[in-house]
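The values are calculated or read from the model by the stated rules, or taken from the named source; none is laboratory data. Keep in mind that this is a model prediction, so the values were computed, not measured. When we count neighbours, we look across all protein chains shown, and the Cβ atoms used for this are built from the backbone with ideal geometry, even at glycine.
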Amino acid sequence: MTRRILCFGDSLTWGWIAVPEGAPTTRFSLSRAWTGVMALKLGPDYEIVEEALNARTTSIDDPVDPRLNGSAYLPVALASHFPLDLVIIMLGTNDTKSYYRRTSYEIAVGMSKLVCQVLTSAGGLGTVYPAPRVLVVAPPPLGPLTDPWLQEMFDCAREKMLELAKQYRALAGFMKGRTRKWQAATICPLFLPGPMQAQCRPTRDSSRGDASRRRRGPGNWQFGAKAWHPLERTPSRLI
């Protein structure tokens, strides 16, 4: 039986390739994006569904682009791609932008909204499918930024992101014991701030990882996805 995994994220999941001028750019090929490498390593019994958008936030509206609020789109994505066994959510980087004025805790609250949307998604639109499980991933901290515009945009972002993994861990622990009332599966948190950070190098926009180095990471993603199994008890911590 094929297991279907939805990857919901921003430019890190979309596969943005960092360029000196910042933008416009292109994306990594399927063989180099972490979602594609994970699919290859997991094998034919798993189907990876990618739902990623550059600059996506967890749950806050962008004053310039109304498409970027993740919580506004996630219910549509879930209903569109059912049945699903697991949803991997890696968001939070763009919530650290200075003009949002969000603390790491407030970003985690935004993530909690996404988690609740997944856990209450059973049935979709006129279907019998149950709600999938959730894998919450803390994005890698930002590296040094040299572009003045980006420096201002992501002022203090690195500090917030270093704290974000702790907040996501606390969120997962809080929600884990409360999923039964939704008759949904357990939250499965995976935190990779250290290993993922090592895959990023300073560029003009070092919020994205180098292509050759990013390929070293999917072993961890593979571990996180394969550690989940619908017939086994999901571990409360995967670090």
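Taken over region 104-150, the criterion of being over 17 Å from GLY9 (Cβ atoms) and touching a Pro at 6+ places or on another chain (Cβ under 6 Å) is satisfied by ALA122, TYR129, GLY143, PRO144.
LEU164 meets all of the listed conditions (1) crowded, with 22+ Cβ neighbours inside 10 Å; (2) modelled with pLDDT under 90; (3) not in a loop (DSSP other than H, G, I, E, B) but one, namely (2).
Return yes or no: is TRP16 at pLDDT below 95, touching a helix residue (DSSP H, G or I) at 6+ places or on another chain (Cβ under 9 Å) and surrounded by 15 or more Cβ atoms within 10 Å (Cβ to Cβ)? In short, no. Somewhere in region 177-195, is a residue part of a helix (DSSP H, G or I), over 26 Å from ILE48 (Cβ atoms) and modelled with pLDDT of 90 or more? Checked against the condition, which is being part of a helix (DSSP H, G or I), over 26 Å from ILE48 (Cβ atoms) and modelled with pLDDT of 90 or more, region 177-195 yields no hits at all. Here GLU47 does not qualify as in contact with a Ser or Thr (Cβ under 9 Å, 6 or more places away or on another chain), crowded, with 20+ Cβ neighbours inside 10 Å, in a strand (DSSP E or B) and modelled with pLDDT of 95 or more. Residues in region 50-73 that are more than 23 Å from ALA131 (Cα to Cα) and assigned to a helix (DSSP H, G or I): PRO66, ARG67, LEU68. Residue-level check: of (1) part of a loop (DSSP other than H, G, I, E, B); (2) modelled with pLDDT of 95 or more, VAL76 misses just (1).
Could you check region 1-37 and list, in sequence order, the residues that are in a helix (DSSP H, G or I) and either out of contact with any Pro (no Cβ under 9 Å at 6 or more places or on another chain) or more than 21 Å from VAL87 (Cα to Cα) (or both)? Those that are in a helix (DSSP H, G or I) and either out of contact with any Pro (no Cβ under 9 Å at 6 or more places or on another chain) or more than 21 Å from VAL87 (Cα to Cα) (or both): SER11, THR13, TRP14.
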